[in-house]
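Read-outs throughout are calculated quantities, based only on the coordinates presented, and are distinct from any laboratory measurement. Treat the numbers as computed from the prediction; the structure is a model and nothing was measured. In this analysis, Cβ positions are derived from the backbone assuming ideal geometry, glycine residues included, and neighbour counts consider all displayed protein chains.
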Amino acid sequence: MVDLKGQYLKIKDEIDAAMAEVIESSAFINGPQVTRFAAHLAGYLDIPHLIPCANGTDALQIALMALDLKPGDEVIVPAFTYVAPAEVIGLLGLVPVPVDVDWRNFNMLPQALEQAYSSKTRAVIPVHLFGQSAPMDPILEWAQKHGVFVVEDAAQALGATHKEQRAGCMGHIGCTSFFPSKNLGCYGDGGALMTKDFKLAERIKMIANHGQRKKYIHELLGCNSRLDSLQAAVLDVKLKYLDAYAAARYAAAQRYTAALREIEGVVCPVEESYSSHVYHQYTLRVLHGRRDDLKRHLAASGIPAMIYYPMPLNQQQAFASIIRLTGTLEASEQLSKEVLSLPIHTELKLEEQQLICEQIKRFFQNN
Ligand SMILES: *Cc1c(COP(=O)(O)O)cnc(C)c1O
């Protein structure tokens, strides 16, 4: 699905030098690379405060801890998404309230928010799924009306723009991940939080560092969540290429859509006018119950394709006793049976893509 080795080889000299610098200095934790990278990414995103942490899931947990929610408070999440947002909600004793997503763009459906609201609703977590921003205007407007915090999960959409702003920089707190296969990926785990709010930034920094402002003086209950210097060094190199990487993915996505859009029974990704698309995933809807057969057909020719995500939140055992259900989750349930993500990455070759498209066409011709 990705070619991290091929991507590395093109920038090997820079990466090797940056990593060697960390090893030479032995400042593996909180080295100057971490501050430097945080400043560079904050500049790129045009956000005043960017706090690195150990991974994207930690970022979400720290964000909710910084909002000082009480057990039993409710947090609204999309039902069709990666597990991390709902998981940290549950871990903190909060109640995940899943809402449905839009058939067009797989993102949280703003019209579903009102029905999910209760007097206990404290936050909403829009996830910018597959590389495209959620429809933030109606979500932010709704949240403001009810005095609800907005925590964005931008783990799949770093660099995407929503009108003039960057994904992850529109709500109270934005979270992202530098997992290797993410659009800005390191060589291990990493994550970050973004905020415009100075006070929240101070709380986030403290919580990520054992709740302390001064060493051994613990004002808040915190955790230990750091981006290490080696990962920061890698990320600082790769940040320079983030837009070029997004452009390469975008071009690959256009080629897929041109080749596949005429096939009856396949729906290509929709690009919304309010967001750019950085194509973390290129995700088809395969209609008429044929998704799994197509996946098997591709696998037989050595073509990987992945199902993100096969089961919505409301059907997951881990959440059965803690979620509060409000409205229908029809799109989430149906999309879980239809979605198929094709390989898309910066090193994807034209011939490889042609082969993938030919195999997909062949499947529909012969069946
Ligand atoms: C990857 C991802 C995360 C979690 O990131 P980790 O760094 O793996 O903890 C959270 N949310 C979404 C939508 C993701 O894709």
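If the condition is being closer than 21 Å to Tyr44 by Cα and either assigned to a loop (DSSP other than H, G, I, E, B) or among the acidic types (Asp, Glu) (or both), then region 203-225 contributes no residue at all. Those residues that are in a loop (DSSP other than H, G, I, E, B) and buried (at least 22 other Cβ atoms within 10 Å of the Cβ), I need them from region 117-147; list them, please. Correct list: Ile125, Pro126, His128, Ser133, Ala134.
For His162, indicate whether it is surrounded by 23 or more Cβ atoms within 10 Å (Cβ to Cβ) and within 11 Å of the ligand (Cβ to nearest atom). Spelling it out, it is not the case that His162 is surrounded by 23 or more Cβ atoms within 10 Å (Cβ to Cβ) and within 11 Å of the ligand (Cβ to nearest atom).
Checking each residue of region 86-98 against the condition of being among the small types (Gly, Ala, Ser) and within 14 Å of the ligand (Cβ to nearest atom) gives at least one match.
Tell me, yes or no, whether region 205-214 has at least one residue that is among the aliphatic types (A, V, I, L, M), surrounded by 15 or more Cβ atoms within 10 Å (Cβ to Cβ) and more than 30 Å from Glu141 (Cβ to Cβ). Checking region 205-214: at least one residue is among the aliphatic types (A, V, I, L, M), surrounded by 15 or more Cβ atoms within 10 Å (Cβ to Cβ) and more than 30 Å from Glu141 (Cβ to Cβ). Applying the criterion of being assigned to a strand (DSSP E or B) and either within 11 Å of the ligand (Cβ to nearest atom) or of a type in the set (Val, Ile, Thr) (or both) to the residues of region 165-201, the residue that is farthest from the chain's Cα centre (by Cα) is Thr195. Each residue in region 254-281 was checked for being of a type outside the set (S, T, N, Q) and in a strand (DSSP E or B), and 3 pass.
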